[in-house]
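Student: This is the structure I want to talk about, given as structure tokens.
The values are calculated or read from the model by the stated rules, or taken from the named source; none is laboratory data. The structure presented is a predicted model; accordingly, all values stated were derived computationally and were not measured. A quick note on method: Cβ atoms are made from the backbone with ideal geometry, for glycine too, and the neighbour counts reach across all protein chains shown. Side chains included, ligands, DNA and RNA excluded: accessible areas come from the protein's heavy atoms. Shrake-Rupley method; radii C 1.70, N 1.55, O 1.52, S 1.80 Å.
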Amino acid sequence: MTSSALSEQVADKVVEAIALRQLESEQRLIETELAAALQVSRVPIREAMRILESQGIIVASPRRGMRVATLDGAWARQLHEVRAAIEKIAAHLAATHLREDPALVQRMEGCITAIAQSRGNWLATNKADIGFHTTLFEIADSALLWTLWNAIARHILIIFSIETYRDPDFDRVVEEHRNYLNVLLIGSDADIDAEVVRHVAGLDTFERAERLLNQGKTEK
């Protein structure tokens, strides 16, 4: 494995730890502790921290060192608005390609199957969900949109974990993605815009999950 690939893998592990609430919002990060926990040297840890800092997931300050960014309502609103804006464009581009190429439809259906097969493991479900949208952006075939998506994809995995915290309704996730693909295949431009807005998790969902998270903290 190349050093860059290892650093990306370490970055993913840190993000998963945030998603699983093993690392909390604004928590200070210690290189030696992360290296021991992930069983790697401090070199890929440092590189992973630089990657995550460039994406706004990790924040550096002279006195406090490296810490997890503030994951609050303001962060959720910004993420919601940015994602909805770029995904609308990507969805229209992807819809055109999907209607021209059945093989691309099969790729999207495979992503839905992966979501369905993840039942019982919300982290796996959320990662499969990210896989669906990553494939959507790949099919859209826009270098600019692909860059923007990759800049926020790890944020989205974190917010997915907040929104699905203690959520018993797994079947809803599968059905929502089937509906989304159906709109991409047969919907009008207005239908696609409305579906993206509906599909991208709203702030009310985040706020409900945030209340549950706070309740979980008081129960510890």
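Student: Looking only at the range 54-64, count how many residues are open to solvent by 20 Å² or more (accessible area, probe 1.4 Å), within 20 Å of residue 21 (Cβ to Cβ) and in contact (Cβ under 8 Å) with a residue 24 or more places away in the chain. Steps first, please.
Tutor: Filtering the range 54-64 down to residues open to solvent by 20 Å² or more (accessible area, probe 1.4 Å) leaves 54-56, 59-64.
Adding the requirement that they be within 20 Å of residue 21 (Cβ to Cβ) leaves 55-56, 59.
Now restrict to residues that are in contact (Cβ under 8 Å) with a residue 24 or more places away in the chain: 55-56.
So the answer is 2.
Student: Identify, from the list 26, 87, the residue that is modelled with pLDDT of 95 or more, within 22 Å of residue 161 (Cβ to Cβ) and either out of contact with any Leu (no Cβ under 9 Å at 6 or more places or on another chain) or not aromatic (Phe, Trp, Tyr) (or both). Let's see the steps before the verdict.
Tutor: Details: 26 fails: modelled with pLDDT of 95 or more.
Sole residue among the options that is modelled with pLDDT of 95 or more, within 22 Å of residue 161 (Cβ to Cβ) and either out of contact with any Leu (no Cβ under 9 Å at 6 or more places or on another chain) or not aromatic (Phe, Trp, Tyr) (or both): 87.
Student: Among the residues of the range 29-44, count how many are open to solvent by less than 50 Å² (accessible area, probe 1.4 Å) and either part of a loop (DSSP other than H, G, I, E, B) or modelled with pLDDT of 95 or more (or both).
Tutor: 2
Student: Here is a follow-up. Determine which member of the set 119, 107, 154 is out of contact with any Asp or Glu (no Cβ under 7 Å at 6 or more places or on another chain) and outside any helix (DSSP H, G or I). Let's see the steps before the verdict.
Tutor: Working: 107 fails: outside any helix (DSSP H, G or I); 154 fails: outside any helix (DSSP H, G or I).
That would be 119, the only listed residue that is out of contact with any Asp or Glu (no Cβ under 7 Å at 6 or more places or on another chain) and outside any helix (DSSP H, G or I).
Student: Just to verify a result, which residue in the range 27-77, among those that are among the acidic types (Asp, Glu) and within 19 Å of the chain's Cα centre (by Cα), is farthest from residue 153 (Cα to Cα)? It would help to see each step written out before you state the result.
Tutor: In the first step, residues of the range 27-77 are kept if they are among the acidic types (Asp, Glu); the result is 31, 33, 47, 53, 72.
This time we only want the ones that are within 19 Å of the chain's Cα centre (by Cα), so: 53, 72.
On the way: 53: 14, 72: 17 Å.
So, considering only residues that are among the acidic types (Asp, Glu) and within 19 Å of the chain's Cα centre (by Cα), the one farthest from residue 153 (Cα to Cα) is 72.
Student: Taking the range 65-88 only, how many residues are closer than 30 Å to residue 5 by Cβ and open to solvent by 20 Å² or more (accessible area, probe 1.4 Å)? If you could, list the steps in order and put the result at the bottom.
Tutor: Initially, the range 65-88 is screened for residues closer than 30 Å to residue 5 by Cβ, giving 65-71, 75, 78-79, 82-83, 86-87.
Next, only the ones that are open to solvent by 20 Å² or more (accessible area, probe 1.4 Å) stay: 65-67, 70-71, 75, 78, 82.
Count: 8.
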